[in-house]
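Report on the following structure.
No lab work stands behind these numbers, since they all come straight from the coordinates. It should be emphasised that the depicted structure is a prediction, and the values quoted were computed from it without experimental measurement. For neighbour counting, all protein chains shown are included, and Cβ atoms are generated from backbone atoms with ideal geometry for every residue, glycine included.
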């Protein structure tokens, strides 16, 4: 868990408007390819923005060290074509 200052800094770079307070599936029209693509784009931008804030930082032991795993996962999911995985 991040301290209040780090949480505020991370939230300040999230541009999608999602507060990420829930793990529930986003409420979009899942049958609409444009809506799905917009969600993916927004989530990717948020992920990269948060990772940019965390890049190179020494985090307190209370902050989970998932940033490197998330960075690799995000790049892989977004940048590597599915058939080449």
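Counting 0.36 nm for each residue step from residue 40 to residue 53 and taking away their Cα separation leaves a gain of 2.7 nm. Share of pairwise Cα-Cα distances greater than 15 Å in region 1-51 is 52 percent (whole percent).
Ranked by the mean number of other Cβ atoms within 10 Å of their residues, highest first, the peptides 32-39, 46-53 fall in the order 46-53, 32-39. From least to most packed, judged by other beta carbons within 10 angstrom and beginning with the fewest, 25, 45 follow the order 25, 45. Stretching the chain fully between residue 22 and residue 5 yields a gain of 4.1 nm (0.36 nm per residue, less the alpha carbon separation).
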